[in-house]
Amino acid sequence: MALPALRTQRPVSLWTRIVALISLLLVVGTVVTGCLSLFLLNRTLIQSVDDNLKSSTSEMLTLAQYELAGDDDAVQNLGHTPVEFAVEVRDHRGESIGKMVRDYSDQQEVHVDFPQLSDDEIIARGGKPFTILDSAENRWRVVAMVNTGPDRGSVYVALPLTGVDRTMHEMALIIVLVGTLVVLLGMGLGGYVTHRALEPLHDVEATASQIAAGDLSRRVPVTETSMEVHALALSLNEMLVRIEQSFAAQSLSEERATSSEAKMRRFVGDASHELRTPLAAIRGFGELYRMGALGTDEDVAQAMRRIEDEARRMGSLVENLLRLARLDENPSLDLVPVDLSDALFDAAQDLRALDPSRRVMVVSLSGTPLAVHPHLPLGVMGDEASLRQVFSNLVGNANRHTPAGSPVDIAVGATEHGTLLVEVRDHGPGLDEEQREKVFERFYRTDESRSRAAGQRGGAGLGLSIAATLVEQNQGSIGARETPGGGSTFWVELPAAEVDSEHLSHPDQFRALTSPHTPADETEPGAESTESTESAGGPGSPAPEDEEPQR
C-alpha cells in the first residue's frame, strides 16, 4: 500500500495570520468609524442648515406676501444681503412672479430650478426641507411654503450646501489619511508585539530541533512575556526532564546489561578456567590410579590429598557463586545495634592463624593500640553475621596479596559524620588507581593473564565484590586507597549506634594482639574458632586459601 504523498506546500506562519487579522480588523474598524463619523457629521451640518431655513421662513413668507400683493421689488431688495440663498415666489397658478439667487462662489450663471409643486403637495410636506441640485450640480436645501392670505401663492427658500459638501470632503480626506496611518502603525506595532509574543515559540522550535538532533540536555528558556507561554515553557521543560531521565535510564540500563553480559562472559571464562585445572587434576590422578601408576601407598595418599585439595577449591568457588546468588535474591537485612569489637578481634585472630609470623594490631584511626582506649565505643547499625564476613574477606585479602610476615593493622574509630570507620591497612605491593576503581566489581581480578604459573593460585574475583555487596546491604560504604608508605587500605564506613556498656571493647582482647610472636597455642580459642568456621565456610571465616578474595 503506497503511502500518501506529503504536502509540500508550506503553511502560512502564525505571525502572518495574526498580523493579517490585525490589519483586517484595523481596516474594517477605520472604515466603519469613518463612515459613521461622516454620516453623523453630514446629518449634523444639514440639520444646522435646516434650522437656519426654518428660522427664516416667517421673514420670507412676509416678503412673499408683499410680492404677491404687487410689490415687485420686495424680493429684489434681498439682493444686498451677504448670505448665499435662493428664493422664488409663485402665484396661485404656479407661475414665478419673483426670484432671487445669491451665490458668492466662483461659478457664474448658477440656476436654481425649484420643483413644480402644487399647494397640496407643499402642505403635505409640512414644511420639511428637501434637497435639490442646481445647474452646477451643487446641492441646495429647500423649504416650500404656501401663503394662505388673500393673495394665494407659494414661496420657495433655499440655502446652499456647498459649505457642508466642502466640509464633508475635507473630513473624508482627513479620515482616509488618518485611517491609513492608523492601519499602518497598527500593522507595524501588531507585527512587533506578535513577534515578541511568538519569540518564545521560536525558542521552543529551536530547542525541539536540537533535541531531535540528539541533545537531550537542552531546555526551553522560561520568560515572563505571558502567563500562557510561561506555563508552556515550564510544562515542556518538565516533559524534557522526564524524557532525558527516561533516555538516561534506558541508556544506563543498556550499559548495565552490556556490562553485566561482558562480566558474565568473563566470569564464565574465569569459572571454566578455575574448574578446568582441578577437574583435570582429579581426572589425571584417577587415570593414574586406574592404570596402576601409583605403585606405593605413599603415592596413593599424595594423590588423594591432591584430589581433596582440588575438590575443596571447586567447592569454594561454587560456594561463592551461591553466596552471590543469595545476596541478589534477598538484598535486605535486619539491621540492629552491633558491637564490632568481637568481630574485629576475631578477624585479627583469623589473620594470625593464617600467618602466625605477622604483626596484627587493632588500633585507633590515629594508630594508638585500642588497649589504651578500653571504653572506645564500637557500636554500629548492621547485621553481625554479614559484617563478620566482610572483615573476614578483607583480612583474607590482605593475607593473600601481601608478603608473609608483613604487618597488618585494623584501625577503627568514629567520624564527625556520625559513622564508624574501619580500615584494614596492609603494606604489600598495593593497587594503582585504575585497579582501586574496579577492585570491588564482580569477577574482576588484577591478574588479567589469569596465569597459574610458578604456583600462583589467584581467586575468581568474588571476595571483595561479596564484601562490597554486604556493606551496601548494611547501609554503609566501602573503598580502597593507598597506605602511606606503600600498600593498600580497605575502609568500611557504617552508621554508628549506641550499644550496652557491657558489650563495649575489652582491653584484654586487644592487648593479646600487640605481641607479634604470640604462639599459636596461646591463641587457641581464636584459632579453634577460625579452624571450625573455615571448615564450615561460615560467614565469620576468612576466605579459604584456594579461593581468596581478589586484589
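The values are calculated or read from the model by the stated rules, or taken from the named source; none is laboratory data. Quantities reported herein were computed from a predicted structural model and do not represent experimental measurements. Using ideal geometry, Cβ is built from the backbone for each residue, glycine included, and neighbour counts are taken over all protein chains shown.
Here are the numbers:
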quantity: Residue within the range 140-154 that is within 30 Å of Val241 (Cα to Cα) and either part of a loop (DSSP other than H, G, I, E, B) or among the β-branched types (Val, Ile, Thr) (or both) present; calculated: no
quantity: Positions within the range 278-294 being of a type outside the set (A, V, I, L, M) and either touching a strand residue (DSSP E or B) at 6+ places or on another chain (Cβ under 8 Å) or part of a helix (DSSP H, G or I) (or both), in sequence order; calculated: Pro278, Arg283, Gly284, Phe285, Gly286, Glu287, Tyr289, Arg290
quantity: Filtered residues of the range 132-168 (kept if without any contact (Cβ under 8 Å) to a residue 24 or more places away in the chain and charged (D, E, K, R)); calculated: Glu137, Arg166
quantity: Selection within the range 114-147 - charged (D, E, K, R) and over 14 Å from Leu53 (Cβ atoms); calculated: Asp119, Asp120, Glu121, Asp134, Glu137
quantity: Restricting the range 75-106 to residues that are acidic (Asp, Glu), buried (at least 16 other Cβ atoms within 10 Å of the Cβ) and within 24 Å of Arg166 (Cβ to Cβ), the residue that is modelled with the highest pLDDT; calculated: Glu84
quantity: Output for the range 473-494, where each listed residue is of a type in the set (S, T, N, Q), in contact with an Asp or Glu (Cβ under 7 Å, 6 or more places away or on another chain) and farther than 13 Å from Glu433 by Cα; calculated: Asn474, Ser477
quantity: Close pairs from the range 209-233: first over 13 Å from Leu198 (Cα atoms), partner surrounded by 15 or more Cβ atoms within 10 Å (Cβ to Cβ) and basic (Lys, Arg), Cβ under 7 Å, at least 6 apart; calculated: Gln210/Arg218; Ile211/Arg218
quantity: Complete set of residues in the range 192-206 that are more than 13 Å from Pro221 (Cα to Cα), among the β-branched types (Val, Ile, Thr) and free of Cβ contacts under 8 Å to residues at least 40 places away in the same chain; calculated: Val193
quantity: The listed residue being assigned by TED's automatic domain parsing to the domain that holds Val27, part of a loop (DSSP other than H, G, I, E, B), loosely packed, with under 15 Cβ neighbours inside 10 Å and at pLDDT below 85, out of Gly127, Gly214; calculated: Gly127
quantity: Which numbered condition Leu189 fails, given (1) out of contact with any Phe, Trp or Tyr (no Cβ under 7 Å at 6 or more places or on another chain); (2) among the aliphatic types (A, V, I, L, M); (3) part of a helix (DSSP H, G or I); (4) touching a residue at least 12 places away in the same chain (Cβ under 8 Å); calculated: (4)
quantity: The listed residue being under 52 Å from the mean Cα position of the chain (by Cα) and either buried (at least 17 other Cβ atoms within 10 Å of the Cβ) or not hydrophobic (A, V, I, L, M, F, W, C) (or both), out of Tyr156, Tyr192; calculated: Tyr192
quantity: Residue in the range 394-411 that is at pLDDT 90 or above, buried (at least 23 other Cβ atoms within 10 Å of the Cβ) and within 14 Å of Leu470 (Cβ to Cβ) present; calculated: yes
